[in-house]
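Structure first, commentary second.
The values are calculated or read from the model by the stated rules, or taken from the named source; none is laboratory data. Since the structure is predicted, the reported quantities are computational estimates derived from the model, not experimental observations. Note: ideal-geometry Cβ built from the backbone for every residue, glycine included; neighbour counts use all protein chains shown.
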């Protein structure tokens, strides 16, 4: 499946901590996406799939299945282990979306898997002073909280929509990682540095506030913030743990059929 990898890899995980990977997939050509993401395992992370256009069918080893439509998300905590697949459906408008991997803290990696479906109308959209609108997926703005609120590491996931010249300001909190990814249009950020569609920036952790201004009408931005875990990362394929020994054990379990844990074996966190 053809996609744009915004960031990802063990070498950069300390810079984007607690976020591991962000992919932007999308095309109007069915041959670019119809093969999708067939049946595969995960452990030790959360995967967040946000469909921007089209539809994606999914199913997993917990028995959950369904279709993620345009403007909808699935937030899946793989925890101790899960198998799933996500298969984009061929649509006249094509298919596009985002997949984010969020690292789980060491103490939560072997928790019981959990699945959350966020419908098109389940995430509040807040209009801010300055002309921005924020679709709130996870985190809190003022007294409004997003629908994903039971996370081991309370990250923020905002879809910001802006008019030409509108300003977005946010207090992310001290020491948190903040990442801006431009979906459409462009923004001016920092010392008048311009970010265009398909580009991302990681803010430094010296302060707790950030801001950016739309440089054109119809600009849309994904904003992610989270507290760094500052833990060792051992990463091989779709499994992210803390040590090489844990990775070896996971693949041994994949080979001998013991990867999926029972209710009693998984930690109820």
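When residue 121 is tested against (1) in a strand (DSSP E or B); (2) over 16 Å from the mean Cα position of the chain (by Cα); (3) within 30 Å of residue 34 (Cβ to Cβ), exactly one condition is not met: (1). For the range 211-226, the tally of residues that are surrounded by fewer than 20 Cβ atoms within 10 Å (Cβ to Cβ) and modelled with pLDDT of 95 or more stands at 1. Annotation: residue 107 fulfils all but one of (1) crowded, with 16+ Cβ neighbours inside 10 Å; (2) over 18 Å from the mean Cα position of the chain (by Cα); (3) modelled with pLDDT of 95 or more; the unmet one is (1).
Would you confirm whether any residue within the range 247-267 is in contact (Cβ under 8 Å) with a residue 60 or more places away in the chain, within 24 Å of residue 12 (Cβ to Cβ) and crowded, with 20+ Cβ neighbours inside 10 Å? Looking through the range 247-267, at least one residue is in contact (Cβ under 8 Å) with a residue 60 or more places away in the chain, within 24 Å of residue 12 (Cβ to Cβ) and crowded, with 20+ Cβ neighbours inside 10 Å.
Counting only residues that are in a loop (DSSP other than H, G, I, E, B) and on the phi > 0 side of the Ramachandran plot, how many does the range 44-99 have?
Let us first name the residues in the range 44-99 that are in a loop (DSSP other than H, G, I, E, B), namely 44, 54-55, 61-64, 69-72, 78-81, 89-94.
Narrowing further to those that are on the phi > 0 side of the Ramachandran plot: 44, 54, 63, 71, 79, 81, 94.
Qualifying residue count, the range 44-99: 7.
Within the range 10-21, can one find any residue that is over 28 Å from residue 178 (Cα atoms) and either modelled with pLDDT of 95 or more or not in a strand (DSSP E or B) (or both)?
Of the range 10-21, the ones over 28 Å from residue 178 (Cα atoms) are none.
No, the conditions are met nowhere in the range 10-21.
Within the range 210-224, residues that are at positive phi reach partners that are in a loop (DSSP other than H, G, I, E, B) with beta carbons closer than 7 Å, at six or more positions or on different chains, in the pairs 218/185. Of the residues that make up the range 170-178, is at least one assigned to a strand (DSSP E or B), over 21 Å from residue 45 (Cα atoms) and without any contact (Cβ under 8 Å) to a residue 40 or more places away in the chain? Yes, there is a match, as at least one residue in the range 170-178 is assigned to a strand (DSSP E or B), over 21 Å from residue 45 (Cα atoms) and without any contact (Cβ under 8 Å) to a residue 40 or more places away in the chain. If you go through the range 227-246 and keep only what is surrounded by 12 or more Cβ atoms within 10 Å (Cβ to Cβ), assigned to a loop (DSSP other than H, G, I, E, B) and touching a residue at least 60 places away in the same chain (Cβ under 8 Å), you end up with 227, 228, 229, 231, 233, 238, 242.
Screening 130, 142, 146 for residues that are at positive phi and free of Cβ contacts under 8 Å to residues at least 24 places away in the same chain leaves exactly one candidate, 142.
Suppose we filter the range 117-134 for residues that are surrounded by fewer than 19 Cβ atoms within 10 Å (Cβ to Cβ) and under 30 Å from residue 12 (Cα atoms); how many remain? Please lay out each step first, then the result.
Going through the range 117-134, the residues surrounded by fewer than 19 Cβ atoms within 10 Å (Cβ to Cβ) turn out to be 117, 119-122, 124-131, 133.
Going one step further and asking which of them are under 30 Å from residue 12 (Cα atoms), we end up with 117.
Selection size over the range 117-134: 1.
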